[in-house]
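Trainee: First the structure, then my questions, so here it is.
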Amino acid sequence: MVRLGIRILLVLLVVSAVMAAGGVAYLFSAYPHAAPPSSLKVESTPARIARGEYLSRHVAGCTDCHGERDWSKYSAPQMREREGHGGMAFRLEIGTLYAPNITPAALAGWTDGEVLRAMTEGVSKDGRPLFPLMPYENFAQMSREDAESVIAFIRTLPSATRDVPPTVLKFPMNLIVRTIPKPVTLPATAPDRSDRIAYGRYLTTVASCSSCHTRMERGRPVPNMTFAGGLEFHPRTGGIQRSANITPDMETGIGRWSEGQFVARFTSIAALDDGALALNGRPNTEMPWRDYGGMEPQDLSAIYAYLRTIPAVRNVVQRD
């Protein structure tokens, strides 16, 4: 009787192992749901390169995450000499991620269609799924023209040969990540700048503002807390920082801020020289004020106009 019980247990263990192996095999064969890369060939023009530079450096943050920031200066601005070199580490509960090199030296074997697919669908050249810390779900709402402009710009970066460690995700996220990418169709054009709220929503999405200004639990945004702040950061300088509430709540958000105050908060820091950005003992911040402050005041005003339309959420963000 005992032997029979042991045999049954062994059979159950074998069946479970086979089913688990089959499930993993299915995930790897069926996911990610990726369309073949398009045959896109971006026509590089001065206007596209300039637009891509603006978006990359001051809105989408491409060369922020894929470069290096100068932590000796307030707001840790991008270091132009390391632009696109990759290697920035993001140590999260679900694993350690590294931003890859996106200079022409690393992308020489990539077609423009493959770059576009990685940017907006989260699938690498080799079919590997990207973790959405790379905000491809937001970039999927970028206009086709703006996406092509970003590609045109990064193709002009000085080449740099740098070996970047591979991203390592823990179980089960290393399997879950395969189910996230999906094929998308980019909008042909961005909203007209004359529609300040619509264009502000567009810029806020491309800049992934909600990603930093929404608290997360178990890797997912807390419901009804979008833009209400509280996401924790562990800066290199030590301690804990939490993102601000940027909803229009009058007491805990930016409800009392005027448009002029909002714009000036960014542009005033962008106008400072390197000497004025020196820390001199003051704490630093994860918020890249200087880089975002390079946005045109008209675009910052559009973001303000949009943020005034979102639901106000009362959320007192703890300051350490």
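Each value in this text was obtained by applying a stated rule to the coordinates, not by laboratory testing. As the structure is a prediction and not an experimental result, all values here were calculated from the model. Here the Cβ positions follow ideal geometry from the backbone for every residue, glycine too, while neighbour counts run over all protein chains shown.
Trainee: Rank Asn138, Asn284, Asn224 by mean-square fluctuation in a GNM of the chain with C-alpha springs under 10 angstrom and give only the top-ranked residue.
Mentor: Comparing Asn138, Asn284, Asn224 in the GNM, the peak value goes to Asn224.
Trainee: Which whole-number percentage describes the relative contact order of the range 46-179, with Cα contacts under 8 Å and a sequence gap of 6 or more?
Mentor: Result for the range 46-179 is 31 percent.
Trainee: When the label point is put 7 Å from the Cα of Ala105 along its Cα-to-beta-carbon vector, which residues of the range 122-165 have a backbone N closer than 12 Å?
Mentor: 158-164
Trainee: Note down the nm distance, to one decimal, between modelled labels 7 Å out along Cα→Cβ at Arg91 and at Lys125.
Mentor: In this crude label model, Arg91 to Lys125 measures out at 3.0 nm.
Trainee: If you find the alpha carbon centre of the range 257-297 and of the range 133-208, how far apart are they in angstrom?
Mentor: Cα centroid of the range 257-297 versus Cα centroid of the range 133-208: 24 Å apart.
Trainee: Just subtract the alpha-carbon distance of Met250 and Thr45 from 0.36 nm times their residue separation and send over the number in nm, one decimal.
Mentor: The Met250-Thr45 span can extend by a further 69.3 nm.
Trainee: Among Pro36, Pro77, Pro288, whose mean-square fluctuation peaks in a Gaussian network model of the chain (Cα, cutoff 10 Å)?
Mentor: Pro36
Trainee: Where in the range 58-79 does the amide nitrogen come within less than 19 Å of the point 7 Å from the Cα of Val168, taken along Cα to Cβ?
Mentor: It comes to no residues whatsoever.
Trainee: So, one more: Can you bin the range 25-105 into rounded, prolate or oblate? Criterion: square roots of the alpha carbon gyration tensor eigenvalues sorted a ≥ b ≥ c, rounded for a/c under 1.5, prolate for a/b above b/c, oblate for the rest.
Mentor: Oblate is the answer for the range 25-105, as a/c is 1.5 or above yet b/c matches or exceeds a/b.
Trainee: While we're on this one: For helix 112-121, what angle does its Cα long axis make with the longest principal axis of the chain, in degrees from 0 to 90 and rounded to 10?
Mentor: For 112-121 against the chain, the angle is about 80 degrees.
Trainee: While we're here: Mind checking the angle between helix 46-58 and the chain's longest principal axis? C-alpha axes, 0 to 90 degrees, to the nearest 10.
Mentor: Approximately 80 degrees, to the nearest 10.
Trainee: A further question on this structure: Taking N as the number of residues in the range 196-307, what is its Cα Rg relative to 2.2 N^0.38 Å?
Mentor: Here the Cα radius of gyration is 1.11 times the empirical estimate.
Trainee: So, one more: For the chain, find the longest principal axis of its Cα atoms and tell me its angle to the long axis of helix 259-270, 0 to 90°, nearest 10.
Mentor: On a 0 to 90 degree scale, this one is about 80.
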